[in-house]
Amino acid sequence: MIAAISPSLGHREKPEIEKHLRDLCSQTNKTKECWTIIKSELTRFNDTDYSAVTGVVIDLAIAKADQIHDELNRLFNGSTDDKLKYKYLSCSKNYNDANRNLVLVKRNFDSNDYRNIPVQIDDTIEELKSSILSVTPLSPFNPVSVIAPLVFVVGISMLKEAVEDWHRFLQDIKVNSRKVKVHIGNGLFMHKSWQSLLVGDIVKVTKNEYFPSDLLLLSSSYEDGLCYVETMNLDGETNLKPKRSLETTLRLDEDSEFIDFKATIHPPTRLQAPKHGVRIRCGDLHRTGYESGVRNSTRSPSKRSRVERKMDHVIYLLFGMMVLISLVSAVGSAYFTKSGSFKIWYLRFDDNVDDLFNPEDFMVSGLLQFVRALILYGYLIPISLYVSIEVVKVLQAMLINKDIAMYDESTGKSVEARTSNLNEELGQVEMILSDKTGTLTCNQMEFRKCSIEGISYGGEVTEVDLAASRRMNIDVERYRYSLDGSDSTGRSIEMFDLSTGDGSTEKDVLGMAGNSRISNARKESVVKGFNFRDGRLTDRMWIYRSNVSDMIMFFRVMGLCHTGIPVEENSKDKITYEAESPEEVAFLIAAQEFGFKFCQRTQSTMVLQELDPSSGLEVKREYKLLNLLEFSSSRKRMSVIVSDEDGEIFLFCKGADELADYGRTYQQATVLHLSNYAEDGLRTMVFAYKKIGVSEYEKWSSVFAKAKATIGPERDELLEDASEMIEKDLVLLGAVAVEDKLQKGVPECIDKLAQAGLKIWLLTGDKKETAVNIGFACSLLRHDMEQLHLCSIKESLSFQQMKDVKEEIMSQLQRYKQMMISDENRKDAPFALVVDGKALELSMSSYDVRNQFLSVAMNCDVVICCRVSPKQKALITRRVKEYSGKTILAIGDGANDVGMIQEADIGVGISGMEGMQILYFVYKNIAFGLTLFYYNIFTGFSGQDLYDDWYMVMFNVVLTSLPVISLGVLEQDVSSDICLKFPALYQEGQRNISFTWKRIIGWILNGILASLSVFTLNIYILTPSSFDENGHVADIEHIGTITYTSIIWTVNSQIALIISHFTWISHFLIWGSILCWYVFLYAYGLLPPAYSENVFHIFTDQIGPAPIYWIATLLVVVVSLFPHFLHVVIQRSFFPMDDHIIQEMKYSGTDVDDTPTWLREQEKSKQLTQVGYSARVDAKIRHLKEQLHRKRKSFYLSVTNSPIYKTVTRRDITTIHD
Amino acid sequence: MEMDGRGSRPAEIETDSVSLQQGRSKFLYQFTQKNLPACKPVLSPAWVISIFFVVGVIFIPVGIVSLHASQSVVEIVYRYDAECVPEPFRINKLAYIKDDSIPKNCSKSLKIPKHMKAPIYVYYQLDNYYQNHRRYVKSRNDHQLLHGLNYHDTSSCAPEDVNHGLPIVPCGLIAWSLFNDTYSFFRGIDELKVNRKNIAWKSDRDHKFGKQVYPFNFQNGTLIGGANLDPNIPLSDQEDLIVWMRTSALPTFRKLYGRIEEDLDADDTISVELLNNYNTYSFSGSKKLVLSTSSWLGGHNNFLGLAYISIGASFLFIALVFLLLHVNNPRPYGDTTNLSWNWKPMSG
């Protein structure tokens, strides 16, 4: 029998669950009730099954709805009134719908998104209530016309949620039904889905497979039971970690051996249990165990865009407005009723038949009037706003998904917008937090350069140098042309030349990094991981060099000093390797290319197939592996001690740059090469060796063996000392540089982002050196940057130590801050902050340190956090978001980034009129809703509506909502290629200029003006005299219809004024909406009078033939649009914004006719950034110019100081005097 | 073999895509890439000036024509509610109007200022009368008006729904408060005939008021509101009622009373004999008699024409201002000095 592994590691802490649930409850109306029920439920569902708890919340909501329904039931059944009963029936139907929806929601959300539900339920209940309210005599409208749009709105949002949930559900199923081979008895292994695994199952995992749970390694296909696992999805570390099986289970190699396999596991033993989500890289495994729990324990947060959050505030404002005018109406009505009692005989107030107009109890009637006014003026709240925005976002997400520019040809995958909620936020990102592996880099190492005995191989000139020199030439030329600018005829020709030249160089500069790498990769694709071109070394040419013996040593270090394993592949004679880190693999491949093929490793021997330079033959040599001194972070090196076939003992050592100190003559050259490599973003490693005498070795060996045999805390220290004893007096051989291959286009992308004013932080689980290297590789870091390091050396600290370190960090931070403030030349010395996980944890732990840390970090141009756990990633994201209040974009690919992504505001970029749709909705509903209020003033605040009920329904649902979609989906102020050319345009989005309170108020005022002009003009034009040739006067319906026509025209034309990018779709939607109104009016009038009531034949017989209808519409629309138009015109003419100018430039063909200007502006629009490829080029240029200047100066000095010069000038002066 | 198979596939796809390219797929592609052909108007100064100019140029003639139409209408308004109360009752007009025993007739002579071409529309105008009050507007039953006693549910008509246990046709406050002043006109001793037919909308007469529905139990209660109706005439022919039931939008309104189908010459004097029955005194409303001709644009209302002219004029003015500003201080089109990165350093 196989016993259970210790239970799940990732159990959620109880307080967290409770907090979550309390949040859940606080979102419902009856918080207290909800909480008590949930608490009792919690005891039932011990395993913290969220869906169950969610179910409870929904049940609560259903129960609440039932309660309301029952009350109404009682109320209406008691009544003998047929009409009331009819109303009740319609209301009850509505209730049933809502109830069904609730159940539907429950089902949909059972597995998933529990967060949204309570809100949803509450909405439903609110809507149900409001529907119920509306069908009572209080409502100014006919019941169907109230319920129809609600059903529509709720239906659409439910549909959207349901569809999105369905997709998530399918995804879950997909993950849960992944197959794994499981032992089913009798030595047979069968495929089983992940979800049906149980504790104690034996599973067999093959190379490169993910496995579903915590496992106990029983055996591997390697003889010594070794396997490597990758834990990237857990902690972001990409290096392979070796795991060993127990001696006793080592023999379990064949499937059949499991027939009678039984084991009992005692949990306290330290087990080599690879965790869930880990990928096996090597060999087959038989292992047991389930119930892992490294799930991401961060709570899935509510992701609402900033615009949406602001939208809520706008809605509150509108709500406030609505309450205010309702209050005015209620007071007005009560006063009118009171004072009109007995006087206004035709209204018969004193009969008290109508509670709404009861002069004796005007408090009650005032209150009822208030409620009625709320319903009437509900049109101020754009209910269809949410629906329209949903539709717009879904369409936007669709456009993002379909964008061919975001299509990856190599994988055939296009971008996938998982949620459409945050599209508009993409235009407002100010900070990017990025993962390294898989996001910036491909997790693939390439051998690029090496330096042997002070000679660098593999290319000298770096790309930055090239770009810098090219740019300088351009600058010089441009300078010359601008001087010649006065000569117009010559200028045009020269400019033309320049422009063609310029365009191509521009491409070169930006395309450089990517192109060169791609082209190299293509040529060298024969050998993966080896991107080294130097005729002096490759193709065995090194044997003709003078210092062959050192070369051989160099290559031997490369081939022997590692922990890798060769993996024989059937094809060809090449061997691939598995090793702890991809660097080692790169070294081994390189060694193989140079003719030192590492081909076998046993516990005590290593076999190297060497190229013998004297004979030119390949010889297999076996080395005895005497000792392996593993890498440690304090020594920063690893060594192997081997003895060759002649019995000579060597120590081969590779390590960090400090090793170079052992160099003799070529130390300086090597150090220079090292820094050059590092500047290029290459990861460097120094090779050294040493020959050890037998006696010396034996002496040391005993010390080392003793240290190794020690058990206890001092073991590490002893080992370290022993290692250091032998690792001295080394002979420097040289250095190698490998490249952590960047994803295609990363440097260019970072460059563009930096120019658009975005800050980039790098968060990675890798060690500091790797992170810094990558920082260099993608131009985040430069050598002239002021690098601030916050690191804690020790992994585990006692409480007192922690306190000390914290204080140290605090003082360090203060020093940095002081540096930043006091440093005047900040432009020339940008700051970069490098922080490691431990220091970060300490910095985040208390409030004052955290604030200090964040303020320093925000002032840095680049922040790199290394060795951070997923949890810390999420934590940083949250803290930064809280501290800066900025919109944050998180990028990552692995599961270790999930927390961070969840915490961040968003996940990728399109431009848009952020918030414009909302502003438009606010505008149109104010323009419409306020006319209702004005009219009420003229009806004694009685709550009479000016428009037919169905007009009102049509307003939000059909007649004005569609053009907004075209605004949200199709609008572009400038095209995407221009956006890329002028990254600075992006900053308009960051500043969020389209959705400031100033603009919101502006649009509200615009709405008020429009409503005023529509209402008053129509009233003045249409009353009191007749409005047609036949002497008919206009009644409520006529004035209502004509006013409504004006509103439809006004709000739809208004959107035409906002849009600057008309496709036929926008035309179709805008003018189609207006046409739709006439069609509707015509069709509605044709219905029998029982349905159309006063609208019967209104268009065909009554207002349609009257010329005044059409003339008035024209006037009203022009007047209502005038304020906004004037504002736009003034702004455009006198205070233009960047996109306006660029639109104009593009429109007038500047980009074609006057390319220099166009390019010059492009150049200028790039912000002076400290980060990115261009910035590096800039820095280089500065550096070169300085050198040039210095040279000139020295040249000048040397010339002027020379005696010849002096005599010449003196003679000149004298001749002049003559 | 394999190579062949692979080779043929792209060709297939290509031909397919070519045939599809013309239609839907091209549109979809353009749509999804946001590449649809689009018109991108940029508001250049020339555009601005010409828009204002063109609108101004269109508006002014429209305004002049409208104003002319309105001016061609002759309108006589005579307020009679105060004058028609005999001298002794002027202190307590309410008592006068409520006392049925006092005769309510009243006469007045009106001078025709200009030639009035037939048809001359006769209106009564009420001020401060809340026909648009919600309670009033809803106090009717359209089903009953069309189907008469066959339709029972008249709850919306309360309190004028039932009287003595029998339903009232037509029910509701609107019908109950029907206007009941009457006018007759004389030129010299000849009576000017007032045609009181076809004063309501045809659609109302034909489809909304029943041809077989007769007034029933109307004005039978303790409180008498306004006019009574002849129980022998079907509702579809009671045009006074039909006009009255079209509730007005504002507290000041006119309603068509009839048409005089003879021309009236300038300086003609006509006398109006009226019965001042309707009570507007209790709520200090006013009653006016209006005689008006009409134009193609309706009655006398200068507002529309004046509004057009003033808007047109101001647009022309704005066009001029912009023109001057543009000429004096032009902002070059697409001028790069206005770009934020060009002026930022100067300001800060």
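The values are calculated or read from the model by the stated rules, or taken from the named source; none is laboratory data. Fair warning: this is a prediction, and the values are worked out from it, not measured in the lab. Counting neighbours? That spans all protein chains shown, and the Cβs are built from the backbone with ideal geometry, glycine included. Each accessible area value is taken on the protein alone, full model and side chains, heavy atoms only, with ligands, DNA and RNA left out. Shrake-Rupley method; radii C 1.70, N 1.55, O 1.52, S 1.80 Å.
Report whether or not B:Leu275 is closer than 20 Å to B:Ser177 by Cβ, within 13 Å of another protein chain (Cβ to nearest Cβ), touching a Ser or Thr at 6+ places or on another chain (Cβ under 6 Å) and not basic (Lys, Arg).
For B:Leu275, the condition - closer than 20 Å to B:Ser177 by Cβ, within 13 Å of another protein chain (Cβ to nearest Cβ), touching a Ser or Thr at 6+ places or on another chain (Cβ under 6 Å) and not basic (Lys, Arg) - is not met.
How many residues are touching a residue at least 40 places away in the same chain (Cβ under 8 Å), away from every other protein chain (no Cβ under 11 Å) and surrounded by fewer than 22 Cβ atoms within 10 Å (Cβ to Cβ) if we restrict to the stretch A:1103-1121?
1
Of all residues in the stretch A:828-883, which are within 19 Å of the chain's Cα centre (by Cα), closer than 21 Å to A:Gly757 by Cβ and hydroxyl-bearing (Ser, Thr, Tyr)?
A:Thr877, A:Tyr883
Based on what the data block shows, is A:Lys871 surrounded by fewer than 21 Cβ atoms within 10 Å (Cβ to Cβ), at pLDDT below 80 and in a helix (DSSP H, G or I)?
In short, yes.
I need the full set of residues from the stretch B:158-178 which are more than 14 Å from every other protein chain (Cβ to nearest Cβ) and part of a loop (DSSP other than H, G, I, E, B), in order please.
The answer is B:His164, B:Gly165, B:Pro170.
How about the stretch B:71-146: which strands (runs of 3 or more DSSP E) wholly inside it have at least 2 residues that are surrounded by 15 or more Cβ atoms within 10 Å (Cβ to Cβ), within 9 Å of another protein chain (Cβ to nearest Cβ) and touching a Leu at 6+ places or on another chain (Cβ under 7 Å)?
The strands (runs of 3 or more DSSP E) meeting that bar are B:120-127.
Check whether at least one residue in the stretch A:1017-1037 is under 30 Å from B:Arg259 (Cβ atoms), touching a Lys or Arg at 6+ places or on another chain (Cβ under 9 Å), assigned to a helix (DSSP H, G or I) and of a type in the set (Val, Ile, Thr), and report yes or no.
yes
Of everything in the stretch A:678-693 that's at pLDDT below 80 and of a type outside the set (Lys, Arg), which residue is surrounded by the fewest Cβ atoms within 10 Å (Cβ to Cβ)?
The residue in question is A:Glu679.
So, B:Val65, is that one within 28 Å of B:His115 (Cα to Cα) and either open to solvent by less than 40 Å² (accessible area, probe 1.4 Å) or within 8 Å of chain A (Cβ to nearest Cβ) (or both) or not?
Against the criterion (within 28 Å of B:His115 (Cα to Cα) and either open to solvent by less than 40 Å² (accessible area, probe 1.4 Å) or within 8 Å of chain A (Cβ to nearest Cβ) (or both)), B:Val65 does not qualify.
Can you tell me which residues in the stretch A:304-316 are in a helix (DSSP H, G or I) and crowded, with 16+ Cβ neighbours inside 10 Å?
A:Arg306, A:Val307, A:Glu308, A:Lys310, A:Met311, A:Val314, A:Ile315
So which residues in the stretch A:1036-1057 are within 12 Å of chain B (Cβ to nearest Cβ) and not charged (D, E, K, R)?
The answer is A:Ile1036, A:His1038, A:Ile1039, A:Gly1040, A:Thr1041, A:Ile1042, A:Thr1043, A:Ala1056, A:Leu1057.
Taking the condition of being open to solvent by 40 Å² or more (accessible area, probe 1.4 Å) and touching an Asp or Glu at 6+ places or on another chain (Cβ under 9 Å), how many residues in the stretch A:354-393 meet it?
Qualifying residue count for the region: 5.
Within the stretch A:170-211, track down each residue that is of a type in the set (Lys, Arg) and assigned to a strand (DSSP E or B).
A:Lys179, A:Lys181, A:Lys192, A:Lys204
Residues that are open to solvent by 20 Å² or more (accessible area, probe 1.4 Å) and small (Gly, Ala, Ser): does the stretch B:232-246 have at least one?
Within the stretch B:232-246, none of the residues are open to solvent by 20 Å² or more (accessible area, probe 1.4 Å) and small (Gly, Ala, Ser).
It is to be established whether one or more residues within the stretch A:258-269 are open to solvent by 80 Å² or more (accessible area, probe 1.4 Å), of a type outside the set (A, V, I, L, M), modelled with pLDDT of 70 or more and touching a helix residue (DSSP H, G or I) at 6+ places or on another chain (Cβ under 7 Å).
no
What tally of residues in the stretch B:179-194 results from selecting those that are part of a strand (DSSP E or B) and open to solvent by 40 Å² or more (accessible area, probe 1.4 Å)?
5
Out of the residues in the stretch A:719-745 meeting the condition of being under 47 Å from the mean Cα position of the chain (by Cα), among the hydrophobic types (A, V, I, L, M, F, W, C) and open to solvent by 10 Å² or more (accessible area, probe 1.4 Å), tell me which one is modelled with the lowest pLDDT.
A:Leu742
Out of A:Ile565, A:Ile575, A:Ile649, A:Ile641, report the one residue that is among the hydrophobic types (A, V, I, L, M, F, W, C) and over 28 Å from A:Glu720 (Cα atoms).
A:Ile575
Have a look at A:Ile1130, A:Ile1070 and point out the one that is open to solvent by 20 Å² or more (accessible area, probe 1.4 Å), more than 8 Å from chain B (Cβ to nearest Cβ) and of a type in the set (Val, Ile, Thr).
A:Ile1130
Of the residues that sit in the stretch A:1084-1098 and are part of a helix (DSSP H, G or I) and either open to solvent by less than 20 Å² (accessible area, probe 1.4 Å) or modelled with pLDDT of 90 or more (or both), which one is farthest from B:Val54 (Cα to Cα)?
Within the stretch A:1084-1098, the match that is farthest from B:Val54 (Cα to Cα) is A:Ser1092.
Kindly indicate which of B:Gly226, B:Gly221 is assigned to a loop (DSSP other than H, G, I, E, B) and either away from every other protein chain (no Cβ under 12 Å) or open to solvent by 20 Å² or more (accessible area, probe 1.4 Å) (or both).
One residue alone meets the criteria, B:Gly221.
Just one of (1) open to solvent by 10 Å² or more (accessible area, probe 1.4 Å); (2) in a loop (DSSP other than H, G, I, E, B) trips up A:Leu753, so point out which.
(2)
Kindly evaluate B:Gln71 against the criterion of being under 30 Å from B:Ser294 (Cα atoms), touching a Lys or Arg at 6+ places or on another chain (Cβ under 8 Å), modelled with pLDDT of 90 or more and not aromatic (Phe, Trp, Tyr).
It is false that B:Gln71 is under 30 Å from B:Ser294 (Cα atoms), touching a Lys or Arg at 6+ places or on another chain (Cβ under 8 Å), modelled with pLDDT of 90 or more and not aromatic (Phe, Trp, Tyr).
Can you tell me which of (1) closer than 24 Å to A:Arg637 by Cα; (2) modelled with pLDDT of 80 or more is the one A:Thr602 doesn't meet?
It fails just one condition, (2).
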